[in-house]
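For reference, the structure is listed below as structure tokens.
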Amino acid sequence: MSARVHQHNLGLGAEYTRRRLPVELVWSHETEKIDEAFGLEKQIQNWSRAKRIALIEGRFKDLPGLARGRTGWSKRGVNYFD
């Protein structure tokens, strides 16, 4: 993962990331499949700042209370934190 953070800090990431250099890895989660990783990334990107901070701080029990709307955390119903 440190190689990926290094790539981002060289400006080799998405435009969003390039505008916010330097970046620092504050949370990570390993998945078995790449599509799960992309799904999780998109899910977290859609979260509020408060919910992302709770994730970074390890306050997993707070996550459901910080969810937007009544349908849960994801439009597809996937929840990686149960």
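Quick notes on this structure:
- Across region 41-47, computed HN-Hα scalar couplings (Karplus, 6.51 cos²θ - 1.76 cosθ + 1.60, θ = phi - 60°) run 4, 5, 4, 5, 4, 8, 6 Hz from first to last residue, x flagging Gly and Pro.
- If R0 is 22 Å, the Cβ-Cβ spacing of ARG59 and ARG19 corresponds to a FRET efficiency of close to 0.20.
FYI, it's all coordinate maths here, none of it is from the lab. Here the structure is a predicted model, which means the values were calculated and not measured. Cβ sites come from the backbone with ideal geometry, for glycine too, and all protein chains shown count toward neighbours.
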